[in-house]
Amino acid sequence: MGCNSGAYNEVIQAALALARHLHPKVLDGLSDRIAEFDTGDWQTSRSRILSVIPYAAGRDLLDDFLEEWREYRDTLSPESIAFGLRALSLTGMGHEDSQTTEIVWTGPHASETSFRRTRQVLLQLIHSARERLTVVCFAVYKVDSIREALIQAANRGVQIRIILESADASGGKTTFDMIEGLGEEISRACTVLVWPADMREKDPEGKHGSLHAKAVIADNHTLYVSSANLTEFALDLNIELGVVISGGELPKRVDEHFSFLIRDGTLVPVWNA
C-alpha cells in the first residue's frame, strides 16, 4: 500500500494525544497489549485493549487512536504500533524535568474553551497511579465514584494517604464527620490523617485555622490543586477552578512537604491501612 509522507499524520497525532494523557508506565503496559493485537478480529481485540484503561476519558482517547490505526492496519503492524508507543513511553520517563500544566474546571461550558472536567481529572489521576497517592481535602461527601476508584487503586498495591479536616478539630466549621463518610472500606485500604486542634496556631482570640487545601499528588509526577472539595456539588454543579501540573519538581516537593508534616507530628493518622 503506497502512501505519501503525511499519510500517517492522523495516527501520529492520536498517539501523541494518548501519550500526553497517560502516565508513561500505563502507556508502556498498553504497548505490550497492543503487540498482541489480532487485526483479523478487530472488534474483539479492540474491546480487549480498551478494557486496559479503567476510566472513560482515557478509553475515548485510546479508541480514537485505534480508529486512526485501523485505516492503516495493513501497513502498520501491531508490533510497529507497540514499538512507537513504547518509544513515547520512554520519552516521557526520560523527561521528568519537563513540566506541563492544564486547567481543570467545574461549571458552565463556554464555546471558546474546552477545559477538562474536575471529576474526569480526579478519576484519571487515581486510576493511573501505580505506587503512591496523597489526597488532601477539606470536605468529602457523596462521591461514590472517587471512593471506588481509591479502593481499586489500593487493591492494586498503591499506597494511599488521605488528609482531611475533622469535625472535632474544625472548631465548628464543619459538623459532618468526613472520616466516617469515607466508609469502612477506605479505612482498610488507606491511611487517613487529620490536623489535630492542638497542633494549630491560634490568633489572639484563641481561634485557629482550617485544613482548607484541596490537592492530589500521584506517583510524585502529577499534582492537582483546586478550589473543589470532594463533594458532588464541587465535582458536578459548582463553579470550581484548578490546575494539573505534570512532571518537573513541584509534585514531588509538595508530596515531600506533607511527608514532613506527618513525620513531625503535625498531621496524625486516625486510620492506618
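The values are calculated or read from the model by the stated rules, or taken from the named source; none is laboratory data. Please read these numbers as outputs of a predicted model, since none were measured by experiment. For neighbour counting, all protein chains shown are included, and Cβ atoms are generated from backbone atoms with ideal geometry for every residue, glycine included.
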Does segment 120-137 contain at least one residue that is more than 30 Å from THR231 (Cβ to Cβ) and either surrounded by 14 or more Cβ atoms within 10 Å (Cβ to Cβ) or modelled with pLDDT of 90 or more (or both)?
no
So which residues in segment 17-45 are modelled with pLDDT of 90 or more and not hydrophobic (A, V, I, L, M, F, W, C)?
SER31, ASP32, ARG33, GLU36, ASP38, THR39, GLY40, ASP41, GLN43, THR44, SER45
State all residues of segment 239-273 that are without any contact (Cβ under 8 Å) to a residue 24 or more places away in the chain and within 16 Å of the chain's Cα centre (by Cα); if no residue qualifies, say none.
none
Looking only at residues in segment 131-151 that are outside any strand (DSSP E or B) and touching an Asp or Glu at 6+ places or on another chain (Cβ under 6 Å), which one is farthest from SER166 (Cα to Cα)?
GLU131
Residue that is modelled with the lowest pLDDT, among those in segment 230-240 that are more than 23 Å from ILE186 (Cβ to Cβ) and among the hydrophobic types (A, V, I, L, M, F, W, C):
LEU237
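Here is a yes/no grid of residues against (1) part of a helix (DSSP H, G or I); (2) farther than 22 Å from TYR141 by Cα; (3) modelled with pLDDT of 95 or more:
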position	(1), (2), (3)
ILE217	no, no, yes
TYR224	no, no, yes
ALA228	no, no, yes
GLY242	no, no, yes
ILE245	no, yes, no
LYS252	yes, yes, no
SER259	yes, yes, yes
THR266	no, yes, yes
PRO269	no, no, no
Please enumerate the residues belonging to segment 226-237 that are over 11 Å from ALA215 (Cα atoms) and either of a type in the set (A, V, I, L, M, F, W, C) or touching a Gly at 6+ places or on another chain (Cβ under 7 Å) (or both).
PHE233, ALA234, LEU235, LEU237
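Does ARG48 satisfy the criteria of being of a type outside the set (Ser, Thr, Tyr), in contact with a helix residue (DSSP H, G or I) (Cβ under 7 Å, 6 or more places away or on another chain) and at pLDDT 80 or above?
No, not satisfied.
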Give the residues of segment 212-230 that are more than 16 Å from the chain's Cα centre (by Cα) and either more than 18 Å from ILE163 (Cα to Cα) or surrounded by 22 or more Cβ atoms within 10 Å (Cβ to Cβ) (or both), sorted by residue number.
none
